[in-house]
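Below is one structure, written out as structure tokens; the observations come after it.
The values are calculated or read from the model by the stated rules, or taken from the named source; none is laboratory data. Every value quoted in this text rests on a predicted model; they were computed, and no experiment measured them. Here the Cβ positions follow ideal geometry from the backbone for every residue, glycine too, while neighbour counts run over all protein chains shown. These area figures cover heavy atoms from the full protein model, side chains too; ligands, DNA and RNA do not enter into them. Shrake-Rupley method; radii C 1.70, N 1.55, O 1.52, S 1.80 Å.
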Amino acid sequence: MKLNLDDFVESASEALGIDLGHDSPHRQLLSDPPRNLHIVAGPGTGKTSALALLTLKAIFVDGYPTESIVATTFTRKAARELASRITIGLRNLLKITDQPVDAPRFDVSRIRIGTIDQLCENALVDRQLGVLADQIVQNGTMTTASFKTGIATRNGDLESRQATLDELARLFGKRRGFERLSTIRENLARMRERIGHDQIDLVRWSDTGPGPFAIANVIAAYEDQLESDGRLDFINLERNFRDELTEGSLTDWLGPVRVLLVDEYQDTNALQESIYLIMAAHVADNGGWIALVGDDDQSLFRFRGATVELFVEAPTRFRQADLKIDFTTLPLNLNRRSSRPIVDFANRYAGLDDDYQAARVQGKHDLVAATTREGWEVSDDIPVMGVFRPDLEELADAVSSLIAEILGPGLALPGIQKPIAQEQPGDIAVIGYSTQRRSSTNKSRIYELLEARLAGLQSPVDLFNPRGVQLYDVSSVKRILGLALLCLDGEASLAPSAIESEARSRIEEWRAVAEEFLASAPDPNTPHGLSQFVSAWQARKPQGTGQWPRTFPLMELLHELSIWLPETRRDPELIYLEALTRTLASVSTFYGVFGGLVQRDRWETSIPQLYHRFFIPIARGEVDLDEDVLESLPLNAVNALTVHQAKGLEFPICLVDVGSDFRTNHASQAFWRFPRAERTFAPYTLEDELREFSSVRVADTQRSALNRAFDDIVRRSYVAYTRAQHMLILFGLGDPDEGPHNVKNMSTGWKRDSTNHWASLGVTLI
């Protein structure tokens, strides 16, 4: 039974628990007949609720069956949250309207919800075009391609290597360690992504010089290797899906679609847009509607190929694509997440720089603080505060003391009657552009100092910082991998001779760390100790009765060794063991059932293979923590997050690092605070270099690379500031009584015309 719009509004408000009063932003999204919507959704304004509301409206008012609805999100976590919200809302609505829950047209499992890559993969399963390769396999394949083309080492094709390095230095900058294999591989992977996302004619670009020619050869070798292995990376996956849609091979998949909902459209790339255009044309031809949801102020992923102009210019771009689609642009700007002081601060900050306004959706509405929200028992009038100290040691002392007070007796503030206190450390987030513990010159950064200060408190507090160190440098990872190597190859006689120096030195360090740990005779020592366990493996003689097994999974060895490393079996350290086991699972998927096995009768060949397939890729930095592993943050630790990690999250208290690295106006870190034209590299150089070779019309950008770099700093800071619910604290180097040092920094109120407007932001110094 279809509902008229008025009845739906009344019932949906109760079912979803959202305000659908006449003037509410969510109510403005609803119409009958439906409209194509371009929704500018600010932070904390109920975007997931809006998508769930539109989905239910499509079912109950427009009368579409659930299989006609496709919704894409940016992350798998967001997809799960949206699916959960829709399921709960639909069940509640069926109960309110007294309709049967088991009717096929209400089968919520038939709504297609996921990231665009999930949808592409699911649609192509029956086509058997290949298996999606995970990031570990992609990194390894790019490394293999670099060796095959001779540019990976100084013993290869020296001319091609130099041409590649020169081109990469021009595009990415000649930073410390730019000749390392891991850096070359990372930059080539970014080149590959940009070329794929912007649909660049690789042949045309390769003709422009020896550097592009050499890089194009590596990318071609990478694609050939994937194809020969029957693998697809995300670009090939999306491109194949787009081509199959164009050729009509996915008619059964596309046929039922009448509603298309796209979340986080500000982080869409040109290849993905081409998919959405095809789907939108089908929807329009069949009387359906689409909704594009995003926020240009929260676009963070240019480095992954995202093009914010695709969202800003979406209504025009869809018309220029000859689609019969006109959009209604509507704001979602009622913020229910943050207190009024935080919302006011965010508005002042976003509107501060005059040049930034030209990069925003025209007529952009300010955020409005909700008069009623889930408040805080302390106060909703806590001002945005700043903690600035003249040197890093004093700053670490001040920030850690502040956290200790909040988690202890409470922080007393003038004008706030009740001390500010939190019981759970996980309610506090420390957010920065990078949370690495040490700098590229191996000096302590604020995150290493904070970790030590918090651990040394009378009531110690953990700082959970999974992005603060590379996986190969994590203490527990070094120990467990070193112990595994001692078990498998005690004398290091089976280690491959051709290992680049950085990977070899890391593997040698793992061994040394393991030897030291072994000498400490860690518990448990009964019935057998760790030394006896390692000796048994080296001799391949069981400690009990029976025979040494013919095959043994390396994964099982790691889990047995973890008995002597109990921290690896508990949160938050468990994520590192999980990363290692996922890597081994990937190895077994890629190389077959014997890929991750230690083989007794082929010891001299299986161990070198495990070096190549597992240990060396980790030592090269090719293995990273999977984002899915990081979805559940611990409540028993303060969370240190990059801005990109924090996107989509919210915390009662946020401390945002706005300048702990910036002592002077030095050019080496200008890119992160106040860019200079002569030092503006990727991704801006990649955009300018490659887009003239695109086979499609990529967003016209009238803004210079320098202005785009400035824009992205404003966006990154805005996202960080709007994660806070009740209390926002900025911290960095500066004067306790006057604020930041006189260092040009867009995050602390500078405009790109080199004028300082810190005072206008209204931050209370403590």
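The figures follow:
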quantity	calculated
Of all DSSP beta bridges in the chain, antiparallel share, percent nearest 5	15 percent
Pairwise centroid distance, computed over Cα atoms, of the stretch 720-766 with the stretch 562-577, Å	39 Å
R0 of 56 Å, Cβ-Cβ distance ILE563-THR328: FRET efficiency to nearest 0.05	0.35
Solvent-accessible area, 1.4 Å probe, carbon plus sulfur percent, for the chain	47 percent
Volume per residue of the C-alpha convex hull in the stretch 421-550, rounded to whole Å³	191 Å³
Beta bridge orientation in the stretch 616-748: antiparallel %, DSSP, nearest 5	20 percent
The stretch 330-347 versus the stretch 475-522: alpha-carbon centroid distance in Å	52 Å
Percent of C-alpha pairs per 10 Å bin, the stretch 268-337, short to long	18, 48, 28, 6
Length gained when the stretch ASP391-GLU650 is fully extended (0.36 nm per residue, less Cα-Cα span)	90.3 nm
Cβ-derived FRET efficiency at R0 56 Å, ASP354 paired with ASP229, nearest 0.05	0.60
Correct option for Cα extents along the principal axes in Å [calculated from the coordinates] among (1) 80, 73, 52; (2) 80, 48, 43; (3) 78, 67, 59	(3)
Prolate/oblate/rounded call for the stretch 651-766, Cα gyration tensor, a/c under 1.5 rounded	prolate
The chain: calculated mean residue ellipticity at 222 nm from DSSP helix runs of at least 4, using -39500 (n - 2.57)	-13000 deg cm²/dmol
Extension gain (nm, one decimal) between THR144 and GLU423, 0.36 nm per residue minus Cα-Cα	95.5 nm
Over the stretch 475-579, equivalent-ellipsoid semi-axes from the Cα gyration tensor in Å	21, 19, 13
Whole-Å semi-axes of the stretch 607-685's equivalent ellipsoid (Cα gyration tensor)	31, 25, 12
Charge context of PRO210, other residues only, Cβ under 9 angstrom, K/R +1, D/E -1	-3
Helix runs (DSSP H) in the chain reaching 18 Å along axis by Cα, Kyte-Doolittle at least -0.5	47-60, 76-96, 135-148, 158-172, 210-228, 270-285, 392-407, 475-488, 574-591, 705-721
Solvent-accessible heavy-atom area per residue, rounded to whole Å², over the chain at 1.4 Å	41 Å²
Stretch gain in nm, segment ASN155-LEU761, where the contour uses 0.36 nm per residue and the Cα spacing is subtracted	212.6 nm
The stretch 589-666-the stretch 84-163 distance, computed between alpha-carbon centres (Å)	19 Å
Label-to-label distance, nm, for residues given as VAL131 and ASP523 (7 Å Cα→Cβ offset)	4.3 nm
